[in-house]
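The values are calculated or read from the model by the stated rules, or taken from the named source; none is laboratory data. Just so it is clear, the model here is predicted, and its values are computed rather than measured. Every residue, glycine among them, receives a Cβ derived from its backbone with ideal geometry; neighbour counts consider all protein chains shown. Ligands, DNA and RNA are excluded from the accessible area calculation, which covers all protein heavy atoms including side chains. Shrake-Rupley method; radii C 1.70, N 1.55, O 1.52, S 1.80 Å.
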Amino acid sequence: MDKLLIVVTLILLAAPAFASGPDDVLGLWKTAGDRSRIELYRCGEKICGKVAWLREPRFTRSEDGPVGEVKIDWRNPDPALQKRLILGLQVIERLIYAGDNRWEKGVCYDPESGKSYKCKMRFFAPDRLDLRGYIGFSFIGRTYTLTR
């Protein structure tokens, strides 16, 4: 019983260490495999994000685009947007702070598919952020872990 009390006490004491405010997520975040970095920033009262760095800023496979050319948003369904550079592209929009280390009601864009999704994110620790993109309901989607 004493061990259980100690564990519960440690968990309760550690909880405030992960508490965050709306601006604690701002800054650079690495994607899985460190393929890119996303910069989260304020856009009014909301959070937005853009591609700030790419490990491979040029196309390396012909099925992705012209080999050696700078990566552009060629898979976008809107022909007027297909020439936008991926580097600097806004890929997260309108996330609203919902309290309890959560942001909701955003829109995330995937330049690899050219599709946009509803998204939300959750701050788990000072160095871990989970971003979930989904269609319709959040249980139909995918979670991406970003790290500092």
Restricted to the range 97-148 and to residues being assigned to a strand (DSSP E or B) and among the aromatic types (Phe, Trp, Tyr), the residue farthest from residue 42 (Cα to Cα) is 134
Residue within the range 102-113 that is within 16 Å of the chain's Cα centre (by Cα), open to solvent by 80 Å² or more (accessible area, probe 1.4 Å) and under 18 Å from residue 31 (Cβ atoms) present: yes
Is it the case that the range 38-55 has a residue that's open to solvent by 90 Å² or more (accessible area, probe 1.4 Å), more than 19 Å from the chain's Cα centre (by Cα) and modelled with pLDDT of 85 or more? no
Filter the range 132-143 down to the residues that are within 15 Å of residue 116 (Cβ to Cβ), open to solvent by 40 Å² or more (accessible area, probe 1.4 Å) and either under 12 Å from the mean Cα position of the chain (by Cα) or modelled with pLDDT of 95 or more (or both) and list them by number. 132, 142
Would you pick out the residues in the range 57-96 that are open to solvent by 40 Å² or more (accessible area, probe 1.4 Å), assigned to a loop (DSSP other than H, G, I, E, B) and of a type in the set (A, V, I, L, M, F, W, C)? 67, 74, 87
Meets criteria (surrounded by 11 or more Cβ atoms within 10 Å (Cβ to Cβ), at pLDDT below 95 and more than 24 Å from the chain's Cα centre (by Cα)) for residue 22: no
Show the residue pairs that are 6+ apart or on different chains and have beta-carbon atoms under 6 Å apart, the first residue being within the range 60-75 and farther than 18 Å from residue 88 by Cβ, the second being open to solvent by 60 Å² or more (accessible area, probe 1.4 Å) and basic (Lys, Arg). 68/58
Check whether at least one residue in the range 56-76 is among the polar types (S, T, N, Q) and within 24 Å of residue 26 (Cα to Cα), and report yes or no. no
I need the full set of residues from the range 89-116 which are under 25 Å from residue 56 (Cβ atoms) and out of contact with any strand residue (DSSP E or B) (no Cβ under 6 Å at 6 or more places or on another chain), in order please. 110, 111, 112, 113, 114, 115
